[in-house]
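Taken together, the values in this text are just the output of simple stated rules run on the coordinates, not laboratory data. Just so you know, these numbers come straight off a predicted model, no measurement behind them. With ideal geometry, Cβ positions are generated from the backbone for all residues, glycine too; neighbour counts draw on all protein chains shown.
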Amino acid sequence: MLERHHAWLWPAAPREQGADVPEMLVSTDDIVVRFLDRFGRRRELAVVEAADVPFEELAPLDRPIPYPGRKSFVSNAWSSATDQSLACGSLRQQHCAMLLDRDPTVGIRSAGPMELRWSLHGRRHSLLPGFVVSRAGRREVVCVQPEELTDQWNHEQEVLAVAAAAAGWQVRVLVPPDGVELDNLKLLYAARSPRWLTAGQDQVLAKQFHSPRTIRSGVRAAGLPSLLGLDLAYHLIWAGRLHTDMGFPLTPSSMSWACAGQVA
């Protein structure tokens, strides 16, 4: 299932004396947060003063730019849930934006709206998390796990844990899907928008999947044109109203069935 790529999550609360936080050389007094405020002004605050900053509502601190010699390596990810366009500086970040868009608990979001800065042994360090989102009323900082886990990555996550404990953020690390799961995610993402739907077509198609059957046969039973019906079925899977085995390539011959409580 795609959801397994939500690799791990830890909640954070304001730091208290004796709290269980990573033992390290960087303290909350060493960490500052850089961001653009609502008026586009560059700001910098101590992390202990950043608890009330609505990072998920703010613009990216720095817009991604293409690699030299390339016309573009920046991929926008449109959020169907909030009608936002997120500028992603890498394909891994874009793929994680797709995962976030499929998560119904995620509300308003921003890509790269903050940067953490700190010094250690006389050297300056920084971390730019991939996203900040609102999830169930909590502020969540989302990092995109790199292909290779390094000591630098581990150190950055330790610093982020300290910052999150001070500011009351939650932290989530997303692992982008690959292989078949990525192919399937892209197919569903292409059908995510409900704007082109004709009223009632989704209910007609969903009713054909009281029990497992191929997507193709369900579209035929609903009397829908094959291409339109296939896109609609993918949209229903994206929205969680139909289910399928995401471990296999998604095709018209894939088996699908209605999720509990989703068929009237």
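So between Arg38 and Glu57, what do we pick up on full extension, going 0.36 nm a residue minus the alpha carbon distance?
Difference between extended and current length: 6.0 nm.
List the extent of the Cα atoms of the range 168-264 along each of their three principal axes, largest first, rounded to whole Å.
The Cα atoms of the range 168-264 stretch 49, 30, 25 Å along the principal axes, largest first.
FRET efficiency for Ser211 and Thr105, Cβ-Cβ distance as r, R0 = 30 Å, nearest 0.05?
On the way: r = 29 Å, r/R0 = 0.96.
About 0.55, to the nearest 0.05.
Considering all alpha-carbon pairs of the range 113-173, what whole percent are spaced by more than 17 angstrom?
On the way: 698 of 1830 pairs.
When all Cα pairs of the range 113-173 are counted, 38 percent exceed 17 Å.
First check a/c for the range 147-205, with a ≥ b ≥ c the square roots of the eigenvalues of its C-alpha gyration tensor; if it is under 1.5, answer rounded, and if not, answer prolate when a/b is larger than b/c or oblate otherwise. Please report the intermediate quantities before stating the final value.
Numbers: a/c = 5.53, a/b = 2.10, b/c = 2.63.
Oblate.
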